[in-house]
Amino acid sequence: MTGIRALLFIVIVASAHVARGQDNDVVRLRFAADEAGTKIDRHIFGQFAEHLGRGVYEGIWVGPGSTVPNTRGIRNDVVAALKELQVPVVRWPGGCFADEYHWRKGIGPADKRPATLNPNWGGVIEPNTFGTHEFLDFAQQIGAEAYVSVNVGSGTPQEAAEWLEYMTADKPSALAQERAANGHPDPYQIAFLGIGNESWGCGGTMSPEYYLSQLKIYSRYARNYNGAEAMQRIAVGPDGGDVAYTEAIMKAWQSKVWSWDIEGLSLHSYTVGKWPPSYKSTGFGEAEYAALLKETLRMEELIRTHSAIMDVYDPQKKIGLMVDEWGAWLAPTPGTNPGFLEQQNSQRDAIIAALNIDIFARHADRVRMANIAQMINVLQAMILTDKDRMIRTPTYHVYRMYVPFQDARLVPVTFDAGSYVYGNISLPRVDAIAARAKNGKLWLALTNVDPNRTVKVEVEAAGVKQAVGEMLSSPKVDSVNTFESPATVAPRPFVESSSRGKVILKLLPHSITVVALES
Ligand code: AHR
């Protein structure tokens, strides 16, 4: 063999070895099936519906006179799709909108409600036809609990207190009678109360100290009068990694007096890439895929940072960290109103959703709620609508596949994830969580982050006969569902039998798999 031919031979053998090695890459996953871990609060699968763009109007509300099939003005197709997700909670009416919302404008006969403005989001008219009763009807139709945010930025404690009395009073006060006259004699249940929104920003640019003084007032007077269900009060918390609000509120809470209290602290953090949001939601390549996944994994560090501060003041973990706004915030879909925050939703979004849910689940001892932004037609949505048509996004499918993890008990898993490398970005190649569902079944959720290589995950599971579930994969990382092609990204059934106490799960590139281990 001449020198050059020998070199060529070595290169070919070496690259064949690398290729074979990649194909045969095996991630060994072990779990302690008998360990009953922390409960994964179902509220981490929560949603957020703000009066923003076509999120509420068109997305949920079409009005009773619409040709779109509806129940009391609320779209039937959307309700049916959301019921499959077993949505535990919906946050409403905002967002920035909440701090300019005056609830009285959204009750009473629809034709008497005033048109107001929505200066935050496109400066459009807010017809107020979707108000308190319509939201609570919607929540009830999809079987979700209500998370209502009161207006601290431009409202008053009295306005908030009266809203709560209107919604929850079970005695015939004038406000309760007004609610009855408006069609709902029974008190509503409000499971969560947000006291302001982003008070460090659009909610009034308040210093932590100033907000704290407001929090004490609102947490005392915005009372829940419905004894049937406790209401958790959630304080505005950090903006991403800024710890000022976390420190101030948790420190004050530790030495609080009897007259105020909270049960949760909110954290907002979006996966943006760069500001203003300019990452395309479709038509992108591996560079943007890797960059955004790298950024989304920062959620882990954020939760660790804020949890560590909370642990100092609340070692018993009485206060939940509520990640009540998160998700991918990308460039607006060309041709749409940029103030409406409309974006397509690709397989990359599905991976982002799975990775974040896994992070929340692993921090279940502190993270008790998370609300992806936003439910329909806005940011990282579950559902997109176009007049009477509706499609489920890749993110929707992740939420549907993860339903068995709601209120399941975390089962510790160990595995060496390996790496997915793109340029100078290196990410764990695989992510996984396991949990024991309420009915005793053991579930595994696995994400193959690598966009190029299939990975085999070898699960050692004595007594397990097969793994049965679904896989969400797609032709490309930027594959999307459209009104013309609504099932390009859709879960497919997945079954693998075990052999000699092991199941080998073949995870396609950039895919998410959820399986039950059946014995
Ligand atoms: O979800 C869109 C906006 O993002 C919300 O209104 C606000 O709270 C956040 O800045």
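The values are calculated or read from the model by the stated rules, or taken from the named source; none is laboratory data. All values derive from a computational prediction rather than experimental measurement. Backbone-built Cβ (ideal geometry, glycine too); neighbour counts: all protein chains shown. The protein model used for the area step is the full one, side chains on, heavy atoms only, and it has no ligands, DNA or RNA in it. Shrake-Rupley method; radii C 1.70, N 1.55, O 1.52, S 1.80 Å.
Is the shape of the stretch 190-341 rounded, prolate or oblate, going by the alpha carbon gyration tensor and its root eigenvalues a ≥ b ≥ c, with a/c under 1.5 for rounded and a/b larger than b/c for prolate? Judged from the Cα gyration tensor, the stretch 190-341 comes out prolate (a/c at least 1.5, a/b above b/c).
Sites listed here are chymotrypsin sites (Phe, Trp or Tyr not before Pro) in the stretch 169-259 whose DSSP assignment is loop and whose Cβ has at most 15 other Cβ atoms within 10 Å: W258. Can you give me the % of accessible surface on the chain that is carbon or sulfur? Probe 1.4 Å, all protein chains present, nothing else counted. Ligands and nucleic acids excluded, carbon and sulfur reach 54 percent. Entry note: the stretch 285-387 has Rg to Rh equal to 1.04, where both radii use alpha-carbon atoms and Rh is the Kirkwood radius.
Placing unit charges on each Cβ (+1 for Lys and Arg, -1 for Asp and Glu) gives the stretch 364-519 a dipole about its Cα centre, and among S485, G501, L444 the Cα reaching farthest toward its positive end belongs to G501. Counting only DSSP beta bridges with both residues in the stretch 33-139, the antiparallel share comes to about 65 percent. How would the stretch 348-462 be classified by its alpha-carbon gyration tensor: rounded, prolate or oblate, with rounded meaning a/c under 1.5 and the a/b versus b/c comparison settling the rest? It is oblate, given that a/c is not under 1.5 and a/b is not larger than b/c. Largest first and in whole Å, the equivalent-ellipsoid semi-axes of the stretch 327-371 read 28, 12, 5, each the square root of five times a Cα gyration tensor eigenvalue. Determine which lysines satisfy two conditions relative to K112: a Cα distance under 29 Å, and not lying fewer than 8 residues away in the same chain. Of all the lysines, those that pass the test against K112 - Cα under 29 Å, at least 8 places apart if same chain - are K171, K387. In sequence order, the stretch 154-165 has phi-based couplings of 10, x, 10, x, 5, 4, 5, 4, 5, 4, 5, 5 Hz under the Karplus curve 6.51 cos²θ - 1.76 cosθ + 1.60, θ = phi - 60°, and Gly or Pro positions carry x.
Please compute P(r) over all alpha-carbon pairs of the stretch 74-155, binned at 10 Å starting from zero, and give each bin as a whole-number percent. Calculated over all Cα pairs of the stretch 74-155, the distribution is 18, 44, 33, 5 percent. Net charge dipole, the chain: roughly 1080 debye, given to the nearest 20, about the Cα centre with Cβ charges of +1 for Lys and Arg and -1 for Asp and Glu. Quotient of the Cα radius of gyration of the stretch 284-335 and 2.2 N^0.38 Å, N being its number of residues: 1.61. Remark: the A36-E229 segment gains 66.7 nm on full extension, using 0.36 nm per residue and subtracting the alpha carbon distance. Judged by the mean number of other Cβ atoms found within 10 Å, the most tightly packed of the peptides 449-455, 93-99 leads the ranking 93-99, 449-455.
Histogrammed with a bin width of 10 Å, the alpha carbon distances of the stretch 24-138 distribute as 12, 36, 26, 10, 9, 6, 1 percent, first bin at zero.
Convex hull volume of the C-alpha atoms in the stretch 115-188, normalised per residue: 117 Å³. Dimensions of the chain along the principal axes, based on C-alpha atoms and rounded to the nearest Å, stand at 96, 52, 44, largest first.
Contact order, relative form, for the chain: 18 percent (alpha carbon pairs under 8 Å, 6 or more residues apart, mean separation divided by residue count). Partners of K465 within straight-line reach, counting lysines whose Cα lies under 25 Å from its Cα and excluding those fewer than 8 residues away in the same chain: K438, K441, K456, K502, K506. Taken about its Cα centre, the stretch 411-483 carries a charge dipole of about 240 debye when Lys and Arg each add +1 at the Cβ and Asp and Glu each add -1 at the Cβ. Note on exposure: K318, K502 ranked by accessible area (1.4 Å probe, complete protein assembly) read K318, K502, with the most exposed listed first. Rounded to the nearest 20, the Cβ-based charge dipole of the stretch 177-308 about its Cα centre (Lys and Arg +1, Asp and Glu -1) stands at 240 debye. Counting only DSSP beta bridges whose two residues both lie in the chain, roughly 60 percent are antiparallel. For T116, the residues whose amide H sits under 5 Å from its own are E126, N128, ignoring neighbours fewer than 5 places away on the same chain, with H placed 1.01 Å from N. Semi-axis lengths, largest first, of the ellipsoid equivalent to the stretch 197-253 are 23, 12, 11 Å, with √(5λ) applied to each eigenvalue of the Cα gyration tensor.
Work out how much length D170 to A287 would gain on full extension: take 0.36 nm times their residue separation and subtract the Cα-Cα distance, in nm to one decimal.
Extra length available between D170 and A287 comes to 36.5 nm.
Over the chain, accessible surface divided per residue gives 40 Å², non-protein components excluded, 1.4 Å probe.
Rounded, prolate or oblate: which fits the stretch 438-515, taking a ≥ b ≥ c as square roots of the Cα gyration tensor eigenvalues, rounded meaning a/c under 1.5, else prolate when a/b beats b/c?
Details: a/c = 2.90, a/b = 1.80, b/c = 1.61.
The shape class here is prolate.
Here's how it looks for H268: its modeled amide H is under 5 Å from those of G240, which are all 5 or more places away or on a different chain. Taking the helices alone, the chain has a mean residue ellipticity at 222 nm of -8500 deg cm²/dmol, built from -39,500 (n - 2.57) per DSSP H run of at least 4 residues and averaged over all its residues.
Only protein heavy atoms count here; under a 1.4 Å probe, K112 has an accessible surface of about 150 Å².
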